[in-house]
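The values are calculated or read from the model by the stated rules, or taken from the named source; none is laboratory data. Keep in mind it's a predicted model, so treat the numbers as computed, not measured. With ideal geometry, Cβ positions are generated from the backbone for all residues, glycine too; neighbour counts draw on all protein chains shown.
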Amino acid sequence: MSKKPAMQWFAPHKELRPRSKLVMTVVSFLLPILLWCLFSYVPWLWHPKVEINEPGSVSYFKSGMLVDRELFDKETLKAEQASKAVPQGKPANPIYLPAPHEVGEAFYTAFTTPPKRRTEKWLHESLWNSVQVIFWGFFLSSLIGVPLGILAGTYDFFSRLFEPFIEFFRYLPAPAFGALAVAILGIHHAPKIAIIFIGTFFQQVLVIANTTRKLDPSLLEAAQTLGAKNKALLFRVVVPGVLPNLYRDMRILLGWAWTYLIVAELIGTSSGITWFITQQARYKNFDNVFAAIMIIGIIGLTTDLLLAWLGKRIFPWQRHGVRA
Amino acid sequence: MKHLLDLPSYLEQDDEVRDRFDRLKQRPVALSVEHLGKEFETPQGSVTALQDINFKVHKREFVCVIGPSGCGKSTLIRILAGLETQTTGEVLLDGKSVYGPGPDRGMVFQGYTLFPWLTVHKNVMFGLEQAGRGKDTAAEEASQWIDLVGLAKFEKSYPHQLSGGMKQRVAIARALANQPRILLMDEPFGALDAQTRAKMQSYLMEIWQNIDITVLFITHDLDEAIYLADRILVLKAHPGEVQEIIEVPVPQPRSPEQLLSPEFLATKKRLEDLIHPEQEEEGTNSDHLNMVRMVPVDHEVESVF
């Protein structure tokens with residue numbers, strides 16, 4: 001009767017044990033990598049192409065060439081029937097799906113390979129470029145968006161004044177302003193920053209206004225019975241009260257800003273990590289393309305984890321969770 | 001039923017108690033509520049929450065407000081605190097009418113409402129700083145109030161690290177630090193377990209006896225009202241009106257043993273009659289559910305009696 005149930009992996013609405021949580025985090029990353037490995041290294045899985053080792057009697061086959069399997073089979077059959085030398089080859093994937101180890105190597109070589117032309121940039125320079133664009137776009141947006149959001153969330157007056165128009169504007173896709181941004185701001189950094197700004201700002205005001213509105217109203221009432229008025233209510237109750245949630249919002253919004261980066265960098269003169277990716281795709285270095293895309297993910301996730309860790313230290317009163 | 005105690009009338013007061021009430025009524029009036037009314041607009045039309053409420057609270061008196069749910073006791077205290085505006089009537093504090101919230105009327109809420117981002121010490125300092133006290137004086141005064149509620153060791157703690165009872169003690173200290181003319185308490189111990197609540201009641205009595213403070217205390221707990229109050233304001237619902245103002249005949253200072261004294265029980269009986277009159281609730285046959293026997297006749301426990 002009193003048998004301890006095996007690990008409760010599937011109890012609804014129950015947290016897993018810390019160890020199990022760690023295991024699942026690792027598995028969550030291993031699973032897609034495993035899938036990728038299967039498709040790359042198991043020859044009879046997918047592999048729609050054949051890489052030629054030995055052209056045999058087929059005149060247009062060359063060693064190292066990738067051909068469709070159907071074509072290869074047809075030519076092999078033809079050669080067999082004519083009793084000529086049969087071409088040799090091994091199953092391969094299309095060039096746009098490099099194997100994990102190739103991408104792994106690219107992580108290193110992408111940084112160590114000098115650019116093909118003198119005017120072009122190293123990968124780390126391109127990355128730094130992108131980070132700067134993100135930073136300035138997000139910083140400028142927050143500089144105006146955060147105060148505006150808090151005002152709109154606190155006072156109905158500002159909510160009615162700003163939110164209807166912003167609600168309309170946020171449906172306009174930021175990239176649609178690309179041509180306009182270039183016409184006004186030139187072709188270098190400025191229009192890219194503007195796109196990130198437009199993509200972030202309008203969402204930011206609305207999200208932060210909503211977060212501010214969710215502040216426990218009884219805290220404001222308590223403050224009022226303690227003699228707090230207007231400015232003190234705003235700066236000593238509303239602002240510190242919403243700060244932890246506002247910080248969480250900013251982390252999410254920063255993620256959105258990254259999604260606008262790729263579009264933003266295509267505007268005017270292509271630059272940054274996007275330039276690197278398009279350039280490498282042009283050279284058919286798809287391992288580098290994959291590596292660059294993953295680097296964006298790694299930068300994003302690392303920043304977010306760092307900010308989450310920092311948040312726990314900035315807001316010690318939140319350490320035991322808001323849920324309690 | 002037999003064995004019901006033969007209780008005196010709740011109106012009977014011994015000489016000491018009567019003498020005390022005579023003196024109490026000689027004291028200046030701290031809070032005066034005159035013809036107070038409140039109507040709410042709802043989609044179904046306007047609803048009268050409070051109608052023609054009149055009462056006075058004397059200096060350093062402890063008044064409890066009690067009533068069935070929906071009698072508007074919370075609305076009443078929120079109007080007194082200035083968090084809601086009345087439709088008619090006036091609230092006078094020391095003879096002057098008051099509008100809007102202010103530090104002259106301290107409030108303790110059921111939900112603690114401590115600022116989670118401030119330590120206990122900073123929470124108590126909040127009102128003092130709003131009053132324009134310098135940082136050092138505010139800090140010093142706050143420490144004294146925290147010491148008074150016995151939480152000196154927890155000055156540096158954040159609210160989430162405290163138990164419910166401790167949180168409410170901080171809230172009381174925070175309200176008292178402003179030295180309000182009256183302390184309004186809206187079911188402050190409602191969320192606490194029975195043991196903690198009893199302890200908090202004793203603490204509050206001690207504080208009230210030693211500090212120049214008038215208290216208006218809302219509760220739905222009859223024992224709590226009788227144990228704490230000089231007088232009990234009984235409201236009735238739909239619309240909220242004053243039903244009776246009871247002078248509690250239990251002598252002061254109070255102690256937990258009095259919970260079983262004849263005066264106490266007589267007062268409780270009176271409150272029960274006022275607040276829980278015999279009435280039919282939906283789906284029940286007077287006091288009983290419509291139950292049929294659902295235990296087999298040969299069950300191992302055939303009857304619970």
Between B:Val297, B:Val250, which is in a loop (DSSP other than H, G, I, E, B), farther than 30 Å from B:Asp6 by Cα and aliphatic (A, V, I, L, M)? B:Val297
Working carefully through the options A:Ile195, A:Ile184, A:Ile150, find the one that is assigned to a helix (DSSP H, G or I), within 30 Å of A:Leu234 (Cβ to Cβ) and assigned by TED's automatic domain parsing to the domain that holds A:Leu266. A:Ile150
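Would you check which residues across region B:254-271 are closer than 26 Å to B:Ala191 by Cα and over 17 Å from the mean Cα position of the chain (by Cα) and list them?
Filtering region B:254-271 down to residues closer than 26 Å to B:Ala191 by Cα leaves B:254-260, B:264-265, B:267-271.
Hits for region B:254-271 are B:Ser255, B:Pro256, B:Glu257, B:Gln258, B:Leu259, B:Leu260, B:Phe264, B:Leu265, B:Lys269, B:Arg270.
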Taking region A:251-309 and keeping only residues that are among the β-branched types (Val, Ile, Thr), closer than 24 Å to A:Gly104 by Cα and over 15 Å from the mean Cα position of the chain (by Cα), one is left with A:Thr278
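Return yes or no: is B:Phe62 at the interface with another protein chain (Cβ under 9 Å from one of its Cβ atoms) and modelled with pLDDT of 90 or more? Steps first, answer last, please.
On the way: at the interface with another protein chain (Cβ under 9 Å from one of its Cβ atoms): no; modelled with pLDDT of 90 or more: yes.
No.
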Just name the residue that is surrounded by the fewest Cβ atoms within 10 Å (Cβ to Cβ) out of those in region B:226-240 that are farther than 19 Å from B:Lys56 by Cβ and at pLDDT 90 or above. B:Tyr227
Only one of these conditions is not met by B:Lys56: (1) under 19 Å from A:Gln224 (Cα atoms); (2) free of Cβ contacts under 8 Å to residues at least 60 places away in the same chain. Which number is it? (1)
Given the criteria of a type in the set (S, T, N, Q) and either within 14 Å of A:Pro94 (Cβ to Cβ) or touching a Phe, Trp or Tyr at 6+ places or on another chain (Cβ under 9 Å) (or both), does A:Ser40 qualify? yes
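Just the residues that are assigned to a loop (DSSP other than H, G, I, E, B), farther than 21 Å from B:Met166 by Cβ and within 12 Å of chain A (Cβ to nearest Cβ), please, taken from region B:109-147.
The initial filter retains those residues of region B:109-147 that are assigned to a loop (DSSP other than H, G, I, E, B), namely B:109-119, B:131-134.
Subset that is farther than 21 Å from B:Met166 by Cβ: B:131-134.
Of everything in region B:109-147, those that are assigned to a loop (DSSP other than H, G, I, E, B), farther than 21 Å from B:Met166 by Cβ and within 12 Å of chain A (Cβ to nearest Cβ) turn out to be B:Ala131, B:Gly132, B:Arg133.
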Any residue in region B:183-204 that is in a helix (DSSP H, G or I) sitting within a Cβ distance under 7 Å of a residue that is among the basic types (Lys, Arg)? List the pairs, counting only those 6 or more apart or interchain. B:Tyr203/B:Arg169
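Could you please give the count of residues in region B:214-245 that are in a loop (DSSP other than H, G, I, E, B) and closer than 17 Å to B:Gly190 by Cβ? First the steps, then the outcome.
Start the filter on region B:214-245 by keeping residues that are in a loop (DSSP other than H, G, I, E, B), which leaves B:219-221, B:229-230, B:237-239.
From the residues that got through so far, the ones that are closer than 17 Å to B:Gly190 by Cβ too are B:219-221, B:229.
Of the residues in region B:214-245, 4 are in a loop (DSSP other than H, G, I, E, B) and closer than 17 Å to B:Gly190 by Cβ.
For B:Ser74, state whether it is modelled with pLDDT under 90, within 14 Å of chain A (Cβ to nearest Cβ) and out of contact with any Cys (no Cβ under 9 Å at 6 or more places or on another chain). Outline the logic, then answer.
Numbers: modelled with pLDDT under 90: yes; within 14 Å of chain A (Cβ to nearest Cβ): yes; out of contact with any Cys (no Cβ under 9 Å at 6 or more places or on another chain): yes.
So B:Ser74 fits the description; yes.
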Among (1) at pLDDT 90 or above; (2) over 18 Å from A:Pro43 (Cα atoms); (3) surrounded by fewer than 16 Cβ atoms within 10 Å (Cβ to Cβ), the one test that A:Thr113 misses: (1)
Listed by first then second residue, the pairs whose first member lies in region A:228-249 and is facing chain B (nearest Cβ under 8 Å), whose partner is basic (Lys, Arg), with beta carbons under 9 Å and at least 6 positions apart or on separate chains, are A:Ala228/A:Arg236
Flag if A:Gly186 is within 30 Å of A:Thr269 (Cβ to Cβ), away from chain B (no Cβ under 14 Å), surrounded by fewer than 19 Cβ atoms within 10 Å (Cβ to Cβ) and touching a residue at least 12 places away in the same chain (Cβ under 8 Å): yes
Here's a check for you: in region A:208-220, which residue that is touching a helix residue (DSSP H, G or I) at 6+ places or on another chain (Cβ under 8 Å) and either of a type in the set (S, T, N, Q) or farther than 27 Å from A:Arg251 by Cβ (or both) is farthest from the other protein chains (Cβ to nearest Cβ)? A:Asn210
Quick one: how many residues across region A:1-45 are acidic (Asp, Glu) and at pLDDT below 85? 0
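Just to verify a result, which residue in region A:13-41, among those that are free of Cβ contacts under 8 Å to residues at least 60 places away in the same chain and polar (S, T, N, Q), is surrounded by the most Cβ atoms within 10 Å (Cβ to Cβ)? Full working, then the answer.
At the first step, the residues of region A:13-41 found to be free of Cβ contacts under 8 Å to residues at least 60 places away in the same chain are A:13-32, A:34-35, A:38-39, A:41.
With polar (S, T, N, Q) added as a condition, the list becomes A:20, A:25, A:28.
Working: A:Ser20: 13, A:Thr25: 10, A:Ser28: 9.
Of everything passing the filter in region A:13-41, A:Ser20 is surrounded by the most Cβ atoms within 10 Å (Cβ to Cβ).
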Answer yes if at least one residue in region B:171-185 is surrounded by fewer than 18 Cβ atoms within 10 Å (Cβ to Cβ) and under 24 Å from B:Leu259 (Cβ atoms), and no otherwise. no
Condition first: in contact with a helix residue (DSSP H, G or I) (Cβ under 6 Å, 6 or more places away or on another chain) and in a helix (DSSP H, G or I). Now tell me which residues in region B:10-27 satisfy that. none
Does at least one position in region A:153-168 carry a residue that is of a type outside the set (D, E, K, R), more than 14 Å from chain B (Cβ to nearest Cβ) and in a loop (DSSP other than H, G, I, E, B)? yes
What are the pairs with Cβ atoms under 8 angstrom where one residue, in region A:42-55, is within 16 Å of A:Pro98 (Cβ to Cβ) and of a type in the set (A, V, I, L, M, F, W, C) and the other, located anywhere, is exposed (fewer than 12 other Cβ atoms within 10 Å of the Cβ) and at pLDDT 90 or above? Sequence gap at least six, or different chains. A:Leu45/A:Leu38
Checked A:Thr200, A:Thr154, A:Thr119, A:Thr212 against criteria (more than 29 Å from the chain's Cα centre (by Cα) and either modelled with pLDDT under 95 or surrounded by 19 or more Cβ atoms within 10 Å (Cβ to Cβ) (or both)); the one match is A:Thr154
Which fully enclosed helices (runs of 4 or more DSSP H) of region A:215-285 have 1 or more residues being of a type in the set (Val, Ile, Thr), at pLDDT below 95 and out of contact with any Gly (no Cβ under 7 Å at 6 or more places or on another chain)? A:239-265, A:272-282
Being in contact with a strand residue (DSSP E or B) (Cβ under 8 Å, 6 or more places away or on another chain) and more than 11 Å from every other protein chain (Cβ to nearest Cβ) is the filter here, so list the residues in region B:95-108 that pass it. B:Gly95, B:Ser97, B:Val98
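Every residue in region B:172-182 that is at the interface with chain A (Cβ under 8 Å from one of its Cβ atoms) and either aliphatic (A, V, I, L, M) or not in a helix (DSSP H, G or I) (or both), please. Spell out the reasoning first.
Of the residues in region B:172-182, the ones at the interface with chain A (Cβ under 8 Å from one of its Cβ atoms) are B:174-175, B:178.
Result: B:Ala175, B:Asn178.
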